[in-house]
Amino acid sequence: MVSWFGALAYANWLNEKNPGANYRLPTEAEWEYAARGGQKGLKNNFLYSGSDNLEEVGWYDLNSSNDTKPVGGKKPNELGLHDMSGNVWEWCADWWDGGYSFEAQTNPKGPNSGLYRVLRGGSWNVSFTGNCRVSLRDGDVPDDRGGNIGFRLAQD
């Protein structure tokens, strides 16, 4: 239940407590790279973060009892990251643009402005398992604080 603004405020607060740390929301490209398991995960090309079987790696409506779960209850991906498929949608730094280019890109950046911020990963209340694929994208107004929205931070 955290808005994009709340996630950003937390990163800023954490930076004040840890000078020089530079915590921030990940870009959408960074989020997907991490969810896919980095270089280690490229050879597997899993549908979900760490597996082709969502039950192994994610919380969704059929196994979540309609609630957010503590991190680490499912198998991690190749980078050791948990819950990047399902559990909660995660805010990214980028503005939502509605689509991807099909051309190969390295760390693409989203638009400079917009109405919506990017959400990735799916959540505990999705009934279609495809909504937890690492490739799925969504956007929402940055002040939404839904019960199935959270974030994770990147650090420079």
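Note on region 50-122: Cα Rg divided by 2.2 N^0.38 Å, N the number of residues, gives 1.30. Shown for the chain: the carbon plus sulfur share of the solvent-accessible area, taken with all protein chains present and a 1.4 angstrom probe, equals 53%.
The helix-only estimate of mean residue ellipticity at 222 nm for the chain, built from DSSP H runs of length n ≥ 4 each weighted as -39500 (n - 2.57), is -5000 deg cm²/dmol after division by the residue total. Spin-label pair Ala9-Asn44: with each label point 7 Å from Cα along the Cα-Cβ axis, the two points sit 3.7 nm from one another.
Please list, in order, the residues from region 67-99 whose amide nitrogen is less than 16 Å from a point placed 7 Å along the Cα→Cβ vector of Gln155. So the set is 80-82. Of Lys74, Lys40, the order by accessible heavy-atom surface (1.4 Å probe, DNA, RNA and ligands excluded), from most exposed downward, is Lys40, Lys74.
The heavy atoms of Trp13 offer some 120 square angstrom of accessible surface to a 1.4 angstrom probe. Across region 1-97, the mean sequence separation of Cα contacts (distance under 8 Å, 6 or more residues apart), normalised by length, yields a relative contact order of 29 percent. Cross-link partners of Lys43 among lysines, defined as those whose alpha carbon lies under 25 angstrom from its own and excluding same-chain residues fewer than eight positions apart: Lys74, Lys75, Lys109. Here Arg133 sits with roughly 70 square angstrom of accessible surface, probe radius 1.4 Å.
Ignoring ligands and nucleic acids, what accessible area does Tyr116 show with a 1.4 Å probe (Å², nearest 10)? We get 100 Å² for Tyr116.
Around the amide H of Ser85, modelled in the peptide plane, lie the amide H atoms of Ser49, all under 5 Å away and 5 or more residues distant in sequence or on another chain. Over region 1-96, the Kirkwood radius and the radius of gyration, each from Cα atoms, give a ratio Rg/Rh of 1.00. Derived scalar couplings between HN and Hα for region 126-137 equal 8, 8, 9, 4, x, 6, 10, 4, 5, 8, 6, 10 Hz in order, rounded to whole Hz, by the Karplus curve 6.51 cos²θ - 1.76 cosθ + 1.60 (θ = phi - 60°), x for Gly and Pro.
Charged side chains reduced to their Cβ positions (Lys and Arg at +1, Asp and Glu at -1) give region 20-96 a dipole of some 280 debye around its Cα centre.
Filter the GluC sites (Glu not before Pro) in region 50-156 to those in DSSP coil with at most 16 other Cβ atoms within 10 Å of their Cβ, and list the result. Passing sites in region 50-156 are Glu103. A Förster radius of 35 Å combined with the Cβ-Cβ distance from Asp67 to Thr106 puts the calculated FRET efficiency at roughly 0.40. Couplings 3J(HN,Hα) for region 69-81, derived from phi with the Karplus relation 6.51 cos²θ - 1.76 cosθ + 1.60 (θ = phi - 60°), are 10, x, 5, x, x, 10, 4, x, 7, 5, 8, x, 8 Hz, where x marks Gly and Pro. 3J(HN,Hα) couplings calculated from phi for region 36-46 with the Karplus curve 6.51 cos²θ - 1.76 cosθ + 1.60 (θ = phi - 60°) are, in sequence order, 6, x, x, 4, 5, x, 4, 5, 7, 6, 5 Hz; Gly and Pro show x.
The values are calculated or read from the model by the stated rules, or taken from the named source; none is laboratory data. If you're wondering where the values come from, they're calculated on a predicted model, not measured in any experiment. Please note: Cβ atoms are built from the backbone with ideal geometry, for glycine as well, and neighbour counts cover all protein chains shown. To get the accessible areas, we keep the full protein, side chains included, count just its heavy atoms, and leave off ligands, DNA and RNA. Shrake-Rupley method; radii C 1.70, N 1.55, O 1.52, S 1.80 Å.
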